[in-house]
Structures are given as structure tokens and as C-alpha cells.
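Trainee: Please find one structure pasted underneath; my questions will follow.
The values are calculated or read from the model by the stated rules, or taken from the named source; none is laboratory data. Since we're looking at a predicted model, the values are computed, not measured. Note that each Cβ is placed from the backbone with ideal geometry, even for glycine, and that neighbours are counted across all protein chains shown. The protein model used for the area step is the full one, side chains on, heavy atoms only, and it has no ligands, DNA or RNA in it. Shrake-Rupley method; radii C 1.70, N 1.55, O 1.52, S 1.80 Å.
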Amino acid sequence: MLPRFEIVSQDFTVANYLELLDLAKKRFRFVQYADSQDSENIAIWRHDIDISPHRALALAKLENEKGVDATYFVQLTSRFYNAMEEDVIRVLRHLSKVAHIGLHFDPNCYKIETIEDFCENLSFEINVLQKLIAVPVDAFSLHNPTLVQGIALNDLAYCGLINASAPHFREAFVYCSDSNGYWRYRTLQNVLMDEATSRVHALTHPCWWQEEIMPPRKRVARCVEGRAQASLNYYDNLLAANGRKNENS
Ligand SMILES: [Zn+2]
């Protein structure tokens, strides 16, 4: 793990993100999981939306302007947002117009003892997500896969859905992830600039990319506080619109 001062100083700004996109575009062709067999100089650009659909849409718009073909994996069981909330559905539908959508699936939310159990619950969430955003979804990634116990989920596909968390997509690619808000091993810039890199699988989480340099926990706090404020605003506006008292002491 990097010393703390280096974590803080890592540049997770939107400005730096745009530079990383330009760097990737110079050398790599962006592909979807289903089209990633046997090619060289390709990049899979993945985002797991664990915390903020709003940050996801902000990044997706920037990527779309640059012609970057990315996939955003939506979580239905997040502790940080509700994918079934009206405003969030609107954000996700917008997102589906500028990027591909996958499902970020947390098997730990279900009682899963067999592959059949896994497929049944995975299909359930895929159906819900497709219903919410009205686009087909053909891939999933796993949330906290290290916590899945008892069954291995290493196959490339389950019940006709591509498994973006399959070991293949880490082993046949140079895999680079910003999990926890910092580059634990190599930075994405380092990977993209390395001439030995011919296939990249970049996993970023939209919450980590913000306008200013901040330590990871502050970036999470900003997303959490933004959502809390939006919920309070909704409540206040609802009461005001209906002429109700809104006492606060
Ligand atoms: Zn996750």
C-alpha cells in the first residue's frame, strides 16, 4: 500500500481523467467485453457505480464527447443510492444513452449456495435493471467478490451474461483499478504509457473522480452529503408545495 501522503497527492481530478482518456485513445481501441477476444491494442473501460450515479453520468458525458466506449455497472443494492428512485432512474436512463450499461451484482445480498441460486438471483436483478432503464443488459460485474464464499464465480459467462469479474479479464489484460480511491499497484497513467501494454482493462469508480484533489474519504463524504442534502431539499420542497408547516425545533 502507498504511504498516505502519496494517496492524497494522487490526481483524481476530472482534468487528469480527461488526459488519461486522451492517452488511452492514442494507443487503444475501446471495445466491449463481448468483442474483446484475441485483439491487440484494445481497452475495456469499466466503471462500477458503487456510490454515485451522478458522478457516473458526469464522466460518461465526457467520455462520450471523446468517443470513448465505456460500460457502467449499476448496483441495485447499493448502500449509497437507490436505483429505483425517480431521479436516479432519470440519471441512469440518460447514462444508457451515452454509455453501455451492466449490472453491478452483490451476491452477498442473497442466500446463494449453488450456481443455480446465483443465476436465479442474477437474472432477477438483470430483469429489474432492464425494466428500469429500458435497454438490454448483457454483462455483470461482482461487488466485493472476495466475500463470495462456497462457490467459485470464475466462468466467462453465467446464464448468458458476461462476467466482467472473471479472472480472464484480469489475466489476459493489464488490469488497473482505482478501488478505494487510489492506485494500489500501478497508476493508470503508468499502464497506458507502458509500451508492453497491449490490452488494458481499466476499472474506475465514478465517485473517485472529482473537480479537486481530495483524500479518498472526503470524496466519498462529498457524494454522501450531496445525496443527504438532495433528500432534505426534496422533503422541504414537498411541504412548501403543499403549504404545510415545516418545523425544525
Ligand atoms: Zn462494487
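Trainee: Count the net charge of all other residues whose Cβ sits under 9 Å from the Cβ of residue 41, scoring Lys and Arg as +1 and Asp and Glu as -1.
Mentor: +2
Trainee: For residue 97, go through the aspartates and glutamates and keep the ones whose alpha-carbon is under 15 Å away, minus same-chain ones fewer than eight residues off.
Mentor: Within the straight-line limit of under 15 Å, residue 97 reaches these aspartates and glutamates: 63, 65, 69.
Trainee: Could you order the peptides 226-234, 126-134 from most to least packed, using the average number of other C-beta atoms within 10 Å per residue?
Mentor: Result, highest mean first: 126-134, 226-234.
Trainee: Related question: Using only Cα atoms, what is the ratio of the radius of gyration of the stretch 11-54 to 2.2 N^0.38 Å?
Mentor: 1.37
Trainee: If the cut-off is 18 Å between C-alpha atoms, which aspartates and glutamates fall inside it for residue 111, apart from same-chain ones fewer than 8 positions away?
Mentor: 120, 125
Trainee: Using only DSSP helix segments of four residues or longer, with each worth -39500 (n - 2.57), what per-residue ellipticity at 222 nm results for the chain after dividing by its residue count and rounding to 500?
Mentor: Rounded to the nearest 500, it is -13000 deg cm²/dmol.
Trainee: What is the magnitude of the charge dipole of the chain about its Cα centre, with +1 placed on the Cβ of each Lys and Arg, -1 on the Cβ of each Asp and Glu, and no other charges, expressed in debye to the nearest 20?
Mentor: The dipole magnitude comes to about 640 debye.
Trainee: Once you've got the GNM for the chain with C-alpha springs shorter than 10 Å, pick whichever of 94, 54, 201 has the biggest mean-square fluctuation.
Mentor: 94
Trainee: Quick one: check the C-alpha center-to-center distance for the stretch 197-240 versus the stretch 140-165, whole angstrom.
Mentor: 26 Å
Trainee: OK, next. Where does each of 108-117, 11-20, 159-168, 42-51 land if you order them by average Cβ count within 10 Å, highest first?
Mentor: For the peptides 108-117, 11-20, 159-168, 42-51, the packing ranking is 42-51, 159-168, 11-20, 108-117.
Trainee: Just checking the chain: which Cys have no other cysteine's beta-carbon under 4.7 Å?
Mentor: 109, 176, 207, 223
Trainee: Using the crude model of +1 on Lys and Arg Cβ and -1 on Asp and Glu Cβ, and no other charge, please compute the dipole size for the stretch 17-72 relative to its Cα centre, in debye to 20.
Mentor: Result for the stretch 17-72 is approximately 180 debye, rounded to the nearest 20.
Trainee: Say R0 is 45 Å: what FRET efficiency, to the nearest 0.05, do residue 85 and residue 186 get from their beta-carbon distance?
Mentor: 0.75
Trainee: Would you grab the residues whose amide H sits under 5 Å from the one on residue 104? Only those 5+ places off in sequence or on another chain, please, with H modelled 1.01 Å from N.
Mentor: Correct list: 74, 75, 76, 141.
Trainee: On to the next question. Can you give me the Cα centroid spacing of the stretch 70-90 and the stretch 35-62 in angstrom?
Mentor: About 15 Å separates the Cα centre of the stretch 70-90 from the one of the stretch 35-62.
Trainee: Leaving out ligands and nucleic acids, note down the accessible area per residue over the stretch 4-241 with a 1.4 angstrom probe, in whole Å².
Mentor: Roughly 51 Å² per residue, with all protein chains present.
Trainee: Once the convex hull of the C-alpha atoms of the stretch 160-249 is built, how many Å³ does it hold per residue, rounded to a whole number?
Mentor: Normalising the Cα hull of the stretch 160-249 by residue number yields 184 Å³.
Trainee: Right, here's the next one. Quick one: which of 148-156, 99-107 comes out on top by average Cβ neighbours within 10 Å, and what's the full order, highest first?
Mentor: Going from most to least packed, we get 99-107, 148-156.
Trainee: Cross-link candidates for residue 66: which aspartates and glutamates have Cα within less than 13 Å, leaving aside residues fewer than 8 places away along the same chain?
Mentor: The reachable aspartates and glutamates, counting only those whose Cα sits under 13 Å from residue 66, are 19, 22.
Trainee: On alpha-carbon atoms, Rg over Rh for the chain using Kirkwood Rh?
Mentor: 0.99
Trainee: I've got another one for you. Could you work out what % of the accessible surface of the chain is carbon and sulfur, using a 1.4 angstrom probe and leaving DNA, RNA and ligands out of the count?
Mentor: With neighbouring chains kept in place, the figure for the chain is 50 percent.
Trainee: Please work out the FRET efficiency for the pair residue 16 and residue 245, using the Cβ-Cβ distance as r and a Förster radius of 45 Å; give the result to the nearest 0.05.
Mentor: That pair, residue 16 with residue 245, gives E of 0.40.
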